[in-house]
Amino acid sequence: MYKNLLSVGGLTLLSRAAGFLRDVMLGAVLGAGLIADAFVVAQRLPNHFRAVFGEGAWNAAFVPTYSRALQGEGLDTARRFSGQIFVGLLVIQLILLALALLFTPTLIDLLAPGFRDEPEKFALTEALTRITFPYLLFVTLVTLQSGALNAHGRFVAAAFAPVLMNLSIIAFLTVAFLFPNAGAAAAWGLMASGAMQLALTSFAAWRAGILEIFAWPRWSADMRRFLAMLGPAVIGSAGVQIALFADTIIGSMLPTGGPSSIYYADRIYQLPLGVIGIAAGTVLLPQMSRLVAAGRPEAAISAQNRTFAISLILTAPFFVAFLAIPDLIMRGVFLRGAFTPEAAQASAAVLAAYGLGILAVVLLRSAVPSFQAAGDTTTPMIAALVAVAGNVALKVVLFTPLGAPGLATATSAGAWINLILIAIFAMRRGLMKLDAQFMKVAACVAAGSAVLVIFALSARAPVTHLAQGAGRFSGEATLTLMTFGGASIYGLALIACLRLAGVRLRPLSTRQSPKARPNDPA
């Protein structure tokens, strides 16, 4: 499992590195003004729907059903089932695309009502949304094929697909002078990347011999099982998206630059979520599904404990950094070109608020498979809806006094509510059990994080002074020195604590036997 986790994590890290370069270019070229606000909303609209109809719901329902069909009825049956879902999904996406293109102004009125008061911003958002929305059709089909590839233990193509999106946007931004504005260039880059990603996953599935056998959907036992899981999964995914919709709606009422500050902070916040959380969940769900289907729930829980441990170890430094030095992060990453010091400070406040919930968001990705692997998408739906209710209520309360950071704070609170509910429900049903080794790892992570906090607070001033010698690159130099110094301090403190606690490091980086016991080292 760890070989796959590191493979997915490594490719996701490559994607995030390309995404980092993309966002640096967006910040330098678009800044945090009208064009940036319009592009942020235009690219968010298809991504909101993608999260509902794509990776969230379809993976939760598709991967366990596909795995069951593959193990119980063979490859041809699984490919035929996948082909039926592909055709059905394609039809739904074509209808949704037609409606979105016909009623784009209405869609923007619903999801970004604050833009109506600024005609220039509204018109630009409408134009960019018509360009970006077809991306939804491509990427949902990519998500379906990625699920099939993941079920066969083939993670590379699916994990590499987002790299193409980032490279495409970067390529289009380099020739932005050919477009009416840089926002249009970025929008066309996003749309073109969807076709590239679909070509990649289709080729990978064909090469692996698992490409869909296309057929019109039939009312089979697998289809009934899939739809029974899909309904709650869609509601659960939609529930999470309600909170994001609320961010878009309320954020559109912020002064110009408000939506952009949320976007740039979110880009940094998504780094550990993408590299660690999504990679862990991507690898864990198929493995737990196979183990549960094989009648070995104890081994599934053991795999989950190991994933919890490594996710916690890798995420804790981000938690500390987002809270202790958010301004240094935003200045070091984005402060150039059209991105001003004021924009960096505004984004830093949002990043600190997001940081409050980063541990919960990452661990949630490994917690939800407790239910999904067992074919239960209803319980996660209930937890998600309760969390969303609290999230949206807090957004309404915090928006006026705190502005953009208030929206991010509510998001963090919702993530903790969701994680706590999932853990309580799973433990009551015996689907999750935190073993002794994991608890030792958690204690050592806490100790290492405390040392990291001391370093961040005490080293900030001297490191900033030292970096002044780098001239115009002082922000980048400060962030680099703080990053490498903090990583070294945290790593040494963590290793020392783990050794004192008697936790063996080897099992964290080697492939575990499928017969591992729940109390094996994390």
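The values are calculated or read from the model by the stated rules, or taken from the named source; none is laboratory data. Since the structure is predicted, the reported quantities are computational estimates derived from the model, not experimental observations. Virtual Cβ from ideal backbone geometry, glycine too; neighbours counted across all protein chains shown. Heads up: the accessible areas ignore ligands, DNA and RNA and are worked out on the full protein's heavy atoms, side chains in. Shrake-Rupley method; radii C 1.70, N 1.55, O 1.52, S 1.80 Å.
Taken as a whole, the structure places Thr104 among residues that are among the β-branched types (Val, Ile, Thr) and surrounded by fewer than 22 Cβ atoms within 10 Å (Cβ to Cβ). On the given criteria, is Leu364 under 29 Å from Phe473 (Cα atoms) and under 17 Å from the mean Cα position of the chain (by Cα)? So Leu364 does not fit the description; no.
Please verify whether the stretch 430-445 includes one or more residues that are modelled with pLDDT of 90 or more, open to solvent by 60 Å² or more (accessible area, probe 1.4 Å) and over 19 Å from Thr307 (Cα atoms). No, every residue in the stretch 430-445 fails to be modelled with pLDDT of 90 or more, open to solvent by 60 Å² or more (accessible area, probe 1.4 Å) and over 19 Å from Thr307 (Cα atoms).
Check whether at least one residue in the stretch 364-376 is at pLDDT 85 or above and open to solvent by 10 Å² or more (accessible area, probe 1.4 Å), and report yes or no.
In the first step, residues of the stretch 364-376 are kept if they are at pLDDT 85 or above; the result is 364, 367.
From what is left, the residues that are open to solvent by 10 Å² or more (accessible area, probe 1.4 Å) are 364.
For the stretch 364-376, residues at pLDDT 85 or above and open to solvent by 10 Å² or more (accessible area, probe 1.4 Å): present.
Contact annotation: residue pairs with Cβ atoms under 8 Å, 6 or more positions apart or on different chains, pairing a residue in the stretch 478-500 that is farther than 16 Å from Val445 by Cβ with a partner that is open to solvent by 30 Å² or more (accessible area, probe 1.4 Å) and hydroxyl-bearing (Ser, Thr, Tyr), are Thr478/Thr464.
For first residues located in the stretch 150-177 and on the phi > 0 side of the Ramachandran plot, partners that are open to solvent by 20 Å² or more (accessible area, probe 1.4 Å) and assigned to a helix (DSSP H, G or I) and lie 6+ apart or on another chain with Cβ distances below 8 Å form the pairs Gly153/Asn4.
If you go through the stretch 468-477 one residue at a time, do you hit one that is in contact (Cβ under 8 Å) with a residue 40 or more places away in the chain, over 21 Å from Leu363 (Cβ atoms) and surrounded by fewer than 17 Cβ atoms within 10 Å (Cβ to Cβ)? Checked the stretch 468-477: at least one residue is in contact (Cβ under 8 Å) with a residue 40 or more places away in the chain, over 21 Å from Leu363 (Cβ atoms) and surrounded by fewer than 17 Cβ atoms within 10 Å (Cβ to Cβ).
Is it true that some residue in the stretch 344-355 is open to solvent by 50 Å² or more (accessible area, probe 1.4 Å) and touching a residue at least 60 places away in the same chain (Cβ under 8 Å)?
No.
Could you give me the residue pairs with C-beta distances under 8 Å whose first residue belongs to the stretch 438-464 and is farther than 20 Å from Ile495 by Cβ, whose second residue is open to solvent by 40 Å² or more (accessible area, probe 1.4 Å) wherever it lies, and which are 6+ apart or on separate chains? The qualifying pairs are Val463/Leu481.
Close contacts from the stretch 46-70, counting a first residue that is of a type outside the set (D, E, K, R) and a second that is modelled with pLDDT of 70 or more and not in a helix (DSSP H, G or I), with Cβ to Cβ under 6 Å and a gap of 6+ residues or different chains, come to Pro46/Phe133; Ala60/Thr377; Pro64/Gly375.
Number of residues in the stretch 154-200 that are surrounded by 16 or more Cβ atoms within 10 Å (Cβ to Cβ) and farther than 27 Å from Val40 by Cβ equals 3.
As a summary of the residue check, Gly83 satisfies the conditions (1) more than 27 Å from Thr256 (Cα to Cα); (2) modelled with pLDDT of 85 or more except for the one numbered (2). Would it be correct to say that Gly403 is touching a residue at least 40 places away in the same chain (Cβ under 8 Å) and touching a Gly at 6+ places or on another chain (Cβ under 9 Å)? Yes. Of all the criteria given as (1) in contact with a Ser or Thr (Cβ under 9 Å, 6 or more places away or on another chain); (2) under 20 Å from Asp37 (Cα atoms), the one not satisfied by Val142 is (2). For the stretch 295-335, the candidate set comprises residues that are of a type in the set (Ser, Thr, Tyr), within 19 Å of the chain's Cα centre (by Cα) and at pLDDT below 90; within that set, the residue that is surrounded by the fewest Cβ atoms within 10 Å (Cβ to Cβ) is Ser311.
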